[in-house]
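J.: Before anything else, here's the structure in question.
Bear in mind that the values in this text are calculations on the coordinates, not laboratory data. All of these numbers come straight from a predicted model, not from anything done at the bench. Cβ coordinates were reconstructed from backbone atoms using ideal geometry, including for glycine residues, and neighbour counts include every protein chain displayed.
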Ligand code: BTN
């Protein structure tokens, strides 16, 4: 990001703490958590919080350690996309997980996180926050938040530690949004038409993640399916799932109706022909608007 964007909601100091500090989240930030955010590394500017946290993971940081940045210069999303993360306008953070998971259980974690954070943001703000498979949060069809889970340490085919990256657009103003994201990206302050404090949102998100992670470890995606069905922006609708960049240009494209979320976290598509298929990767586009 070349120029720091103007903050559409809350002052740049709205977290109320100096960047460069290591904080005790419950004590210093008022987080209602026991292990998520027990240590928060709050940085002024980083490339990607996921990368900073991976380095801390290899140095032995504890589960629940958070890296939170005021600005990311190389924030990234799924499939190598960039994540617009200008200064003082969002929650750009990563949480360290030490879960001992088989690799196939890692990606669905971002769905569980999306469902949990959608609920927390809806409760906090009263907005109609929807989950778009696999890991986007939308308001009115525009993107509010995204989740990026990546392995940090692996051993013998098991994920030993991972980072869960969370980006929530809090104070972005319409004028901050670059032309290529106009009409695609939104923020809480745009939707609420008032300034929104990042700390208020962090206080809603951190406990939701802690609850989510505990539940995911025990129940997997099954513990989140019912809520996913309630919050899904695509359930019951006709969609096209196109291959995403990481699958290569020849991956197949499917058009069907979304009928469920599988136990694995795959999207279940039903076809006019009567068949069904689970889709594991790709970008979902709606084919029809809701009546
Ligand atoms: C997506 O929508 O594809 C995922 C977006 C994830 C963005 C967050 S911001 C904090 C963390 N650091 C990153 O580089 N990405 C994630």
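J.: Got at least one residue in segment 224-240 being closer than 20 Å to residue 262 by Cβ, touching a residue at least 12 places away in the same chain (Cβ under 8 Å), more than 16 Å from the chain's Cα centre (by Cα) and within 16 Å of the ligand (Cβ to nearest atom)?
T.: Scanning segment 224-240, I find at least one residue that is closer than 20 Å to residue 262 by Cβ, touching a residue at least 12 places away in the same chain (Cβ under 8 Å), more than 16 Å from the chain's Cα centre (by Cα) and within 16 Å of the ligand (Cβ to nearest atom), so the answer is yes.
J.: Within segment 69-115, can you find the residues that are surrounded by 20 or more Cβ atoms within 10 Å (Cβ to Cβ) and free of Cβ contacts under 8 Å to residues at least 60 places away in the same chain?
T.: 69, 70, 110, 114 - these are the residues of segment 69-115 that are surrounded by 20 or more Cβ atoms within 10 Å (Cβ to Cβ) and free of Cβ contacts under 8 Å to residues at least 60 places away in the same chain.
J.: Among what's in segment 47-68 and is without any contact (Cβ under 8 Å) to a residue 24 or more places away in the chain and in a loop (DSSP other than H, G, I, E, B), pick the residue that is farthest from the ligand (Cβ to nearest atom).
T.: The residue in question is 60.
J.: Determine whether segment 22-41 contains at least one residue that is over 21 Å from residue 204 (Cα atoms) and outside any helix (DSSP H, G or I).
T.: no
J.: Hey, any hits in segment 25-46 for a residue that's within 12 Å of the ligand (Cβ to nearest atom) and either surrounded by fewer than 24 Cβ atoms within 10 Å (Cβ to Cβ) or in contact (Cβ under 8 Å) with a residue 12 or more places away in the chain (or both)?
T.: yes
J.: From the residues in segment 121-160 that are more than 16 Å from the ligand (Cβ to nearest atom) and assigned to a strand (DSSP E or B), which one is farthest from the chain's Cα centre (by Cα)?
T.: Top of the filtered list is 155.
J.: Select from segment 69-120 the residues that are within 9 Å of the ligand (Cβ to nearest atom) and either part of a strand (DSSP E or B) or more than 25 Å from residue 43 (Cα to Cα) (or both) and list them in ascending order.
T.: 69, 72, 76, 79, 82, 90, 91, 92, 93, 94
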